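The values are calculated or read from the model by the stated rules, or taken from the named source; none is laboratory data. These figures come from a predicted structure and were not determined experimentally. Backbone-built Cβ (ideal geometry, glycine too); neighbour counts: all protein chains shown.
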Ligand code: URA
């Protein structure tokens, strides 16, 4: 008989090896070229651990730090943001105004205090002849919007606050106006109430040896909800202006 290669009948059940049920003989008794060696996949070196923010910005200029903030992945907030908000304002800086964290509008536009709170802040500043463009630099403790405007978590504050401290060191403002309980407590390292922090000058001592006077006031978002407190906020602004001479 002539030997002819016969195509296996795909519809026929594969013949099982006696005593090895289920394994077709055509597989076990396979002849032909040995199986090709599996190509070695070089194990990828794990990425280097991220450099902590404080280390990464130690010698950064304001412009360099701006770019670092925009690309920052030091905490989980980077996953939900549209834009990180570095801050904005004039130099030399008379006042550094520090809020909590970007809200929805700030996240969209990449600029601090551009929503309704921002309009009120501008009006408050202009009532003491200060202008966002000319005299003040406005920023936040947290540079990315927490989802749903929730309170920032301790690890997010820890990851982000070196940016604020470096901004203070570089801008050397004459005065810091800190808005709201969260920002005041974070900057001053206290859990005292806003009521007890208002009405007096605090001194912020920086690692660079600067001592910067800090005035605490209400957050504009709170003033929008409680307009009767605007008179107290006005007193805070007068305090800030008076001590500057
Ligand atoms: N609230 C803040 O604390 N900061 C902003 O930039 C906007 C709203």
Members of region 127-161 that are within 16 Å of the ligand (Cβ to nearest atom), without any contact (Cβ under 8 Å) to a residue 40 or more places away in the chain and assigned to a helix (DSSP H, G or I): 148, 157, 161
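Condition first: under 21 Å from residue 187 (Cα atoms) and out of contact with any helix residue (DSSP H, G or I) (no Cβ under 6 Å at 6 or more places or on another chain). Now tell me which residues in region 216-231 satisfy that. Please lay out each step first, then the result.
Going residue by residue through region 216-231, those that are under 21 Å from residue 187 (Cα atoms) are 216-223.
Correct list: 219, 222.
Do you know which of the residues in region 85-101 that are part of a loop (DSSP other than H, G, I, E, B) and surrounded by fewer than 23 Cβ atoms within 10 Å (Cβ to Cβ) is modelled with the lowest pLDDT? Please lay out each step first, then the result.
Taking region 85-101 as the starting set, the residues that turn out to be part of a loop (DSSP other than H, G, I, E, B) are 85-87, 90-94, 100-101.
Adding the requirement that they be surrounded by fewer than 23 Cβ atoms within 10 Å (Cβ to Cβ) leaves 86, 90-94.
On the way: 86: 98, 90: 82, 91: 89, 92: 93, 93: 95, 94: 95.
In this case the residue turns out to be 90.
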Only one of (1) part of a loop (DSSP other than H, G, I, E, B); (2) under 30 Å from residue 49 (Cα atoms); (3) out of contact with any helix residue (DSSP H, G or I) (no Cβ under 8 Å at 6 or more places or on another chain) is not met by residue 64, so which one is it? (1)
Considering only region 102-121, state which residues are in contact with a strand residue (DSSP E or B) (Cβ under 9 Å, 6 or more places away or on another chain), within 7 Å of the ligand (Cβ to nearest atom) and not in a helix (DSSP H, G or I). 102, 112, 113
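Does residue 54 fit the bill of being surrounded by 12 or more Cβ atoms within 10 Å (Cβ to Cβ) and within 16 Å of the ligand (Cβ to nearest atom)?
On the way: surrounded by 12 or more Cβ atoms within 10 Å (Cβ to Cβ): yes; within 16 Å of the ligand (Cβ to nearest atom): no.
Taking the combined requirement at face value, the residue does not satisfy it.
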Per the list (1) surrounded by fewer than 20 Cβ atoms within 10 Å (Cβ to Cβ); (2) within 21 Å of residue 225 (Cβ to Cβ); (3) more than 13 Å from the ligand (Cβ to nearest atom), residue check on residue 124 breaks on (1)
Residue in region 219-239 that is more than 29 Å from residue 57 (Cα to Cα), more than 16 Å from the ligand (Cβ to nearest atom), loosely packed, with under 14 Cβ neighbours inside 10 Å and modelled with pLDDT under 95 present: no
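Go through the residues of region 68-84 one by one and say whether even a single one is within 10 Å of the ligand (Cβ to nearest atom) and either in contact (Cβ under 8 Å) with a residue 40 or more places away in the chain or surrounded by 22 or more Cβ atoms within 10 Å (Cβ to Cβ) (or both). Spell out how you get there, then give the answer.
Kept after step one, since they are within 10 Å of the ligand (Cβ to nearest atom), are these residues of region 68-84: none.
No, every residue in region 68-84 fails to be within 10 Å of the ligand (Cβ to nearest atom) and either in contact (Cβ under 8 Å) with a residue 40 or more places away in the chain or surrounded by 22 or more Cβ atoms within 10 Å (Cβ to Cβ) (or both).
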What's the total number of residues in region 128-159 that are touching a helix residue (DSSP H, G or I) at 6+ places or on another chain (Cβ under 7 Å) and buried (at least 19 other Cβ atoms within 10 Å of the Cβ)? 12
